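Just below is one structure, and these are the notes that go with it.
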Amino acid sequence: MSNFRPLSESVLASPQIELSDIETARSQGITLIVNNRPDGEDPSAPQGDEVEAAAKAAGIDYVAIPIGHAGFSEPQVDQMIAALGKTDGKVLAYCRSGTRSTFLWSLAQAKSGKDPDAIAEAASAAGYDITPIRPMIDMLAAR
């Protein structure tokens, strides 16, 4: 069962999706799925190649930007900015709980010049606390 949480009008975050969630995503106007979960993190969950194949079969684009235990890097933030910029439809980003996806979206928003307080409010409204990365958000927004 889907647990898509809106971060903005065009971006949703989600805990791990199942293959059955892809049809729900398509019906909600999702045109791009961003996988922020490294393959093998949970061998019982659908892996990236399975999600990608199901997404493409449903007419949904797919990109993987895995965020592992090493944390976030600026190239990953840039990849997220590029992914968000390549679609006119809605984006669904997922990981184990949705937190890494929300963090990466938040960092991408900050680097794109969005207000850190507005980013924090949007994340909070979706049920995510970005306090652990707030200094990084403020730094990127200040550039």
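Computed values, structure above
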| item | result |
| --- | --- |
| Check on T31, in contact (Cβ under 8 Å) with a residue 60 or more places away in the chain and β-branched (V, I, T) | yes |
| Residue that is surrounded by the fewest Cβ atoms within 10 Å (Cβ to Cβ), among those in the stretch 125-143 that are of a type in the set (G, A, S) and part of a helix (DSSP H, G or I) | A142 |
| Near pairs, Cβ below 6 angstrom, 6+ apart or cross-chain, from the stretch 86-106 (over 16 Å from A45 (Cβ atoms)) to any residue that is of a type outside the set (V, I, T) and surrounded by fewer than 16 Cβ atoms within 10 Å (Cβ to Cβ) | G89/G29; K90/G29 |
| Qualifying residue in the stretch 63-75 (condition: of a type in the set (D, E) and either on the phi > 0 side of the Ramachandran plot or surrounded by 13 or more Cβ atoms within 10 Å (Cβ to Cβ) (or both)) | no |
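Computed from the coordinates by the stated procedures, all read-outs in this text should not be read as laboratory data. Since the structure is predicted, the reported quantities are computational estimates derived from the model, not experimental observations. Every residue, glycine among them, receives a Cβ derived from its backbone with ideal geometry; neighbour counts consider all protein chains shown.
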